[in-house]
Amino acid sequence: MATRAFDIRLGDAVVHIDQHADGTLHLAGATARVESIDDDEWRVVVDGKASRVYAVGPTEAPWIWYDGVAYRPEVADTQRPVRTRNRDDPGSLAAPMPATVRAIAVAPGDLVVRGDTLIVLEAMKMELPLKSPVDGTVVSIACQVGDLVQPGVPLVELK
């Protein structure tokens, strides 16, 4: 039996999570074991596959970095309708937090597939690869190696 149950909203989707006393989470038909490594870093094991997950920002609205993708979940109030939220342009890629550009792996005109690393950022002594969310073509790059970039500001435009 779950010791705590809650719903998390990821965009328009609501995911139900059961948290158990042994530290496991049950969500979306999967079981995850979460182990704290540091204040902002965890080891998450799902179906025998271990991954590192990073989180920054306030507890009530953190940025979570997993497998090259940044997420901003929020505890869902399923009694209220989904709020209209400003979303990043799906054709652009932005930093999830203030960071420094360490490497740019693409140039305008390059063809990319979903999951390709486009830019590597550094924040809080962590390397954060920004991966393409879609298959497409790089239209433009709005940063250079060494630039300090801010969250929400488009760095790469894709089409």
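Read-outs throughout are calculated quantities, based only on the coordinates presented, and are distinct from any laboratory measurement. Predicted model, so just to flag it, every value in this text is computed and none were measured. When we count neighbours, we look across all protein chains shown, and the Cβ atoms used for this are built from the backbone with ideal geometry, even at glycine.
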Run the quick spin-label model on H20 and K49: label points 7 Å from Cα toward the beta carbon, then report their separation in nm to one decimal.
2.1
Based on the alpha carbon coordinates of the stretch 14-61, what radius of gyration and maximum Cα-Cα distance (Dmax) apply, in Å?
11.3, 30
Expected sort for L121, L148 with the fewest Cβ neighbours (10 Å cutoff) up front is L148, L121
Of every Cα-Cα pair in the stretch 92-158, the percentage lying beyond 21 Å is 13
